[in-house]
Amino acid sequence: MDFSHRRQKVIKPIEGELAILYPHDLQMYTTPPVCEISLTEFEQLAVDRLKLLRTIEQISLHGHAKNSEEWKKSVLDEIRKHSDLKYFYKVINSTGAKSKEPDYQARKSDHISHFVLRLAFCRTEELRRWLISRELDLFRLRWLSLSAEGKSEFIRLNNLNYNPISASERVEMSEKSSGLVSSSADYYRVPFTQVLDLVKSRKVFLHYGFAYITNTDIISVLLTVFRSRLSHELSRTARQLPALEVIEEDQDRIFRPLKALPHAYIGEDYSSKKTGDKIPIECIDSLARQSFPLCMRQLHAKLRQDHKLKHHGRLQYALFLKGIGVTLDDILTMWREEWARSEPEKFEKGGVAYLLRHSYGKEGKRTNYTPQSCMKIITGNVGTGDQHGCPFKHNDVSAIRLTLTQSNVPAADIQETVDLINRGQYQLACTKYFEITQGTPPERFINHPNQYFEESQNVKHGKSNTKKEFTGDKPQPALEKRPSVSEEL
């Protein structure tokens, strides 16, 4: 994104001009937008695109090959479920430039939302890698949805200049490759450095530094070009961003929300129990064994063992209990009894009771605070001796192995979980933990502790798919959009 001039002339394109600005549903995003939008639209477009990219990420973790029809169908089916992503669905599930009824406003929203996320994700190498990876998946999905005519038009519009080799060269390469290159199909000759993924998998014929690829494999070249450009522009944006953050007004209105966006939770709100049913406090111990995610099971165990929790552990666990339906009176009673065994004077005077009342919106700003999402827990700071955090990220791998072994989990499942942890896929490891302990996969990728609890209760009440046999201890019958309370306490 070009920030060389603080103030640029604002252009308000009309519908006819949009057709010139956006001639194709698929874009390389080479030119930043220079139109005027409201701050509300700015923020909403960012949230929508982030939701889209996370949806693609979650579907991709299910194991489908990313160039397969199964993967494409699964992603499109999931996007179709979200009404706020309908304009993305329009530009994804299209035939290309000459669609019968091109939606230029949808193309414009796609363009703007991409550049807003560049601002939010350019700050660190880790964030840049995540955005590049997800945008590549989105590009691949959209390419697979194009017609042959739409693909050719995209290549032409972006001056990529990839033309099939001549018939005589095809025959020559067919002879030299011992039939690996077919003399009856179209092939492109490109520098091998642009298709390293194909070279690695030995899917192309190499000759004097060039790779001969089919029409189907041209996507590898486009992804390489797209990756290179996006990586360069993100680094460039990161260098120029500090100059834009010096104005206090922009800090409050634009850049503070952008900084929080990469770790924002944009899923279901668990600030209160959806039904009128409340969780009896006397059932907490059995529920912890049967339906709590590992992070909350550990906090509950520490509370029962040490009869106290540190500040961030109290906050993480209290908001979770609130979200599953434990009343304020019940949690005050339960925690007062625990602190009475360790540090009774700290329950009232030390602020424990105040934190609980504050978490439930009865003190301070009286805000109905939401339970912490997986993303917030994973990205939080956890020091030596702290009790909170995500066990799959913050605990030693050997401790996870021991926990699973003591629960009689098969060695193959333990190793699969450990492999996910080693790859940094902590939420997928939690999803695997759910499958192991509940005997069936969750309906959705786990991204919130309270979602884990609800899906576990659905399994107990027979609302899930057919369960598979589990050899370990089976469960017994059992009964951000908002500010974080930790910012105020």
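The values are calculated or read from the model by the stated rules, or taken from the named source; none is laboratory data. Note that this is a predicted model, so its numbers are computed, not measured. Cβ coordinates were reconstructed from backbone atoms using ideal geometry, including for glycine residues, and neighbour counts include every protein chain displayed. Side chains are part of the model used for accessible areas, which takes the heavy atoms of the whole protein and leaves out ligands, DNA and RNA. Shrake-Rupley method; radii C 1.70, N 1.55, O 1.52, S 1.80 Å.
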Quiz item: Mind checking which pairs have a first residue in the stretch 442-454 that is in a helix (DSSP H, G or I) and a second that is crowded, with 24+ Cβ neighbours inside 10 Å and of a type in the set (G, A, S), Cβ under 6 Å, 6 or more apart or different chains?
Solution: N450/G323; F453/S291
Self-check item: Residue satisfying all of: in the stretch 101-137; among the small types (G, A, S) and buried (at least 18 other Cβ atoms within 10 Å of the Cβ); farthest from the chain's Cα centre (by Cα) among these
Solution: A106
Exercise. Could you give me the residue pairs with C-beta distances under 9 Å whose first residue belongs to the stretch 160-175 and is under 13 Å from I213 (Cβ atoms), whose second residue is surrounded by fewer than 11 Cβ atoms within 10 Å (Cβ to Cβ) and not aromatic (F, W, Y) wherever it lies, and which are 6+ apart or on separate chains?
Key: R170/S184
Exercise. Identify all residues within the stretch 368-389 that are in contact with a His (Cβ under 6 Å, 6 or more places away or on another chain), in a loop (DSSP other than H, G, I, E, B) and either farther than 22 Å from R357 by Cα or not small (G, A, S) (or both); write none if there are none.
Key: V382, H388
Quiz item: What residue, among those in the stretch 171-203 that are of a type outside the set (A, V, I, L, M, F, W, C) and in a helix (DSSP H, G or I), is least open to solvent (accessible area, probe 1.4 Å)?
Solution: S174
Practice problem: Scan L18, L26 and give me the residue that is hydrophobic (A, V, I, L, M, F, W, C), over 17 Å from the mean Cα position of the chain (by Cα), closer than 16 Å to Y89 by Cβ and open to solvent by less than 50 Å² (accessible area, probe 1.4 Å). | Solution: L26
Quiz prompt | Criterion: among the aromatic types (F, W, Y), over 27 Å from C430 (Cα atoms) and either modelled with pLDDT of 90 or more or outside any loop (DSSP other than H, G, I, E, B) (or both) - qualifying residue of F42, F3 | solution = F42
Quiz item: Which residue pairs have Cβ atoms closer than 6 Å, lie 6 or more positions apart in sequence or on different chains, and pair a first residue in the stretch 179-190 that is within 10 Å of Y212 (Cα to Cα) with a second residue that is basic (K, R) and open to solvent by 50 Å² or more (accessible area, probe 1.4 Å)?
Solution: none
Practice problem: Go through the stretch 361-419 and count every residue that is crowded, with 21+ Cβ neighbours inside 10 Å, touching a helix residue (DSSP H, G or I) at 6+ places or on another chain (Cβ under 7 Å) and small (G, A, S). | Solution: 1
